[in-house]
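*Asks:* Pasting a structure here, questions to come.
All of the numbers you see were taken from the coordinates with simple rules; none came from a lab. What you are looking at is a predicted structure, and each value in this text was computed from that prediction instead of being measured. Counting neighbours? That spans all protein chains shown, and the Cβs are built from the backbone with ideal geometry, glycine included.
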Amino acid sequence: MTAKIEMNNVVKSFGSKEVLKGINLSIEKGESLVIIGGSGTGKSVTLKCVLGLIKPDSGSIKIDGQEITTLETHEHDILMRQFGMLFQGGALFDSLPVWENVAFGLIHGQKMDKISARTIALKKIKAVGMDESVADLYPAELSGGMQKRISLARAIATTPDVIFFDEPTTGLDPIMADVINNLIRQCVKDLGATAMTITHDMASARKIADKIAMIHDGQIIWSGTVEEMDNTDNLYIEQFIHGRAEGPITNNSDIVA
Amino acid sequence: MTLLLNSCQNIGATLLGFLASIGRVAFFAGQSVGHIFKGPFFVRNLLRQFMDIGYYSLPVVGLTALFTGMVLALQSYTGFSRFNAEGAVAAVVILSITRELAPVLAGLMVAGRVGASIAAEIGTMRVTEQIDALSTLSVNPYKYLIVPRILAGTLMLPILVLIGDLIGVFGGYLVSIHVLDFGVGSYLSQSWDTLETIDVVSGLTKAAVFGFLVSLMGCYHGFNSGRGAQGVGAATTNAVVSSSILILVFNYVITQVFFS
């Protein structure tokens, strides 16, 4: 069986800085993979490569066995229809009311008429635990946690096959973070979707992940289940999950020096 | 010797950087124009830009044209009286306004008003990942954001300039009649006799080009905005400065094409 997402030796540099030094990754259908790693290790770039927002310098990325790095713009737009993405800052369109944000992919991507799109949007707003009365507000009138939930509603509105989460709990209080984690878990289960999350929040990673991969210095240095992660003797993983300032991750770089 | 080499190197690097950015702008322009002719079309966005770029620029352009026309009449009268050529005021006003001043000043005012706001809006969307979000919702950002703005800029500025022509000439007329004591009939007939179609057409052509340049530079700098508030600030400044300079350069080029 072909993997849902497969990355082979993906390399990307910005100027003289090599951010991805050969990423190898595969995610099975219906699996939830969490990529952990410190800031600036290449997590976001990896995610954006799979989304096609950044073109890798070399290597291959396959979705359902289809190579996506060579797609034309309109082919890429079509591929995007099976994707949903929750952005770190929410990335809601501030010129549109909440319900139109949620319905955006339905109206413009799937050409649904506005009335049915609104009905679905209201359902999705409820599904993320919010009241229908927010539908006609503008994103700027919502709190950070509410924006994140609306953004999640937007990501799942088109019932995507694959959902990407970029630091879903960053900037939220611990309770709201857990609410979001539960919602993600539930949405992925309900949709039967494949999920790819990047985070440095270990509580979130444990809750969401079927499988965890650690990225360091532009490469995947470890992957396994949550249980395997807790029992591994990999010093990088150890340092990261316990959040120690001293260890192999910091020794070879200038973070501590 | 090393000093000479270093300065040569710097000049070369600057020149290469300059050429590279011209290439990037040209590529961006090509892509944007390509998307104008292929659907899907976002009509609601286009209409909103017509309002933003066209309708809401009317007061600024109107006031600029009015006072420019008024001061033009006054200046040419006092200047020309030295050669006993006061009679040429009507001709000078109408030619200067339609050929040069209405398009250039309207272009510069719109560059400040619209170019800046386009760059700031799209730049903020870039920084807050809203442009990436468009892509992930299978909407092409060029079609959704860039095309409506460039179309609106290119189509609205000629209309603004046409209105500016009328208001500017009217400003000159007001000053000539009420301050300089010209006769109504002779002033109007002189204005009308002087004006040729090409004067207005060249002005409107300039306006369309300036409108395209202003919206293109706003979109380009916003779309490629750097990170954070500083990035958006720089994008806004660059949009206004580059479109103003391009307006002045293309003003010369178009004048040369039309009148030589």
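*Asks:* Which of B:VAL61, B:GLY233, B:ALA152 sits closest to the plus end of the dipole of the range B:40-259, meaning its Cα is farthest towards the positive end, when Lys and Arg get +1 and Asp and Glu get -1 on the C-beta?
*Replies:* B:GLY233
*Asks:* Let me ask something additional. According to a simple spin-label model (label point 7 Å from Cα along Cα-to-Cβ), what is the distance in nm between B:LEU19 and B:SER260?
*Replies:* Here the answer is 2.5 nm between the modelled labels.
*Asks:* Further question: Hey, with R₀ at 41 Å, roughly what FRET efficiency would A:GLU141 and A:ASP230 work out to, going by the Cβ-Cβ distance, to 0.05? Could the numbers behind the result be given before it?
*Replies:* Working: r = 42 Å, r/R0 = 1.03.
Between A:GLU141 and A:ASP230 the formula returns 0.45.
*Asks:* May I pose another question? Enter the mean number of other protein chain beta carbons within 10 Å of the beta carbon of each residue in A:85-95, as an integer. Working shown, then result.
*Replies:* Details: counts 6, 2, 6, 2, 5, 4, 9, 4, 7, 5, 5.
Across A:85-95, the average partner-chain Cβ count within 10 Å equals 5.
*Asks:* For the charge dipole of the protein assembly as shown, defined by +1 on Lys and Arg C-beta atoms and -1 on Asp and Glu C-beta atoms about the Cα centroid, which residue among A:GLY90, B:GLY168, B:MET109 has the Cα displaced farthest towards the positive pole?
*Replies:* Ranked along the dipole, the leading option is B:GLY168.
*Asks:* Using the count of nearby Cβ atoms within 10 Å as a rough guide to exposure, how do A:TRP99, B:TRP192, A:TRP222 rank from fewest to most? Could you put the intermediate results ahead of the total?
*Replies:* Numbers: A:TRP99 24, B:TRP192 10, A:TRP222 17.
Going from sparsest to densest Cβ surroundings: B:TRP192, A:TRP222, A:TRP99.
*Asks:* Once each part is reduced to its C-alpha centroid, what is the distance from the range A:61-113 to the range B:12-74 in angstrom?
*Replies:* So the separation of the two Cα centres works out to 28 Å.
*Asks:* Calculate the dipole size of the range B:40-259 relative to its Cα centre from +1 charges on Lys and Arg beta carbons and -1 charges on Asp and Glu beta carbons; express the result in debye to the nearest 20.
*Replies:* That gives the range B:40-259 a dipole magnitude of about 620 debye.
*Asks:* So how do A:THR158, B:THR128, A:THR170, B:THR98 line up by other beta-carbon neighbours within 10 Å, fewest first?
*Replies:* A:THR170, B:THR128, A:THR158, B:THR98
*Asks:* Can you list which of the DSSP-assigned H helices in chain B have a Cα extent of 20 Å or more along the long axis and an average Kyte-Doolittle score of at least -1.0? Before the final figure, lay out each step's value.
*Replies:* Working: long enough: B:2-36 (51 Å, 1.01); B:58-80 (32 Å, 1.40); B:147-178 (46 Å, 1.66); B:197-223 (39 Å, 1.21); B:228-259 (46 Å, 1.28).
For chain B, where a helix must reach 20 Å along its axis and average at least -1.0, the hits are B:2-36, B:58-80, B:147-178, B:197-223, B:228-259.
*Asks:* Quick one: order B:TYR144, B:TYR220, B:TYR252 by neighbouring beta-carbon count within 10 Å, fewest to most.
*Replies:* Working: B:TYR144 20, B:TYR220 26, B:TYR252 9.
Least crowded to most crowded, the residues run B:TYR252, B:TYR144, B:TYR220.
*Asks:* For chain A, what is the charge dipole size about the Cα centre, in debye to the nearest 20, if Lys and Arg each add +1 at the Cβ and Asp and Glu each add -1 at the Cβ?
*Replies:* Values: 25 positive and 33 negative charges, 110 e Å.
Dipole about the Cα centre, nearest 20: 520 debye.
*Asks:* Further question: Out of the range A:41-134, which trypsin sites (Lys or Arg not before Pro) are coil in DSSP terms and have no more than 12 other C-beta atoms within 10 Å? Intermediate values should be presented prior to the final figure.
*Replies:* Working: sites: A:LYS43, A:LYS48, A:LYS62, A:ARG81, A:LYS111, A:LYS114, A:ARG118, A:LYS123, A:LYS124, A:LYS126; in loops: A:ARG81, A:LYS111.
Here the trypsin sites (Lys or Arg not before Pro) that fit, given the DSSP loop and packing criteria, are A:LYS111.
*Asks:* For the pairs A:LYS29/A:LYS211; A:LYS62/A:LYS124; A:LYS124/A:LYS148, note any where the Cα-Cα span goes beyond 24 Å.
*Replies:* Numbers: A:LYS29/A:LYS211 12 Å; A:LYS62/A:LYS124 30 Å; A:LYS124/A:LYS148 13 Å.
The pairs that break the limit, which is 24 Å between Cα atoms, are A:LYS62/A:LYS124.
*Asks:* Name the residues whose placed amide hydrogens come within less than 5 Å of the amide hydrogen of A:HIS216, ignoring near sequence neighbours (fewer than 5 apart) on the same chain.
*Replies:* Those qualifying (amide H under 5 Å, at least 5 residues apart or on another chain) are A:ILE221.
*Asks:* From other protein chains only, count the Cβ atoms within 10 Å of every residue's Cβ in A:101-110, then give the mean. Walk me through the numbers on the way to the answer.
*Replies:* Values: counts 2, 0, 0, 6, 6, 1, 2, 9, 4, 2.
Rounded to a whole number, the mean comes out at 3.
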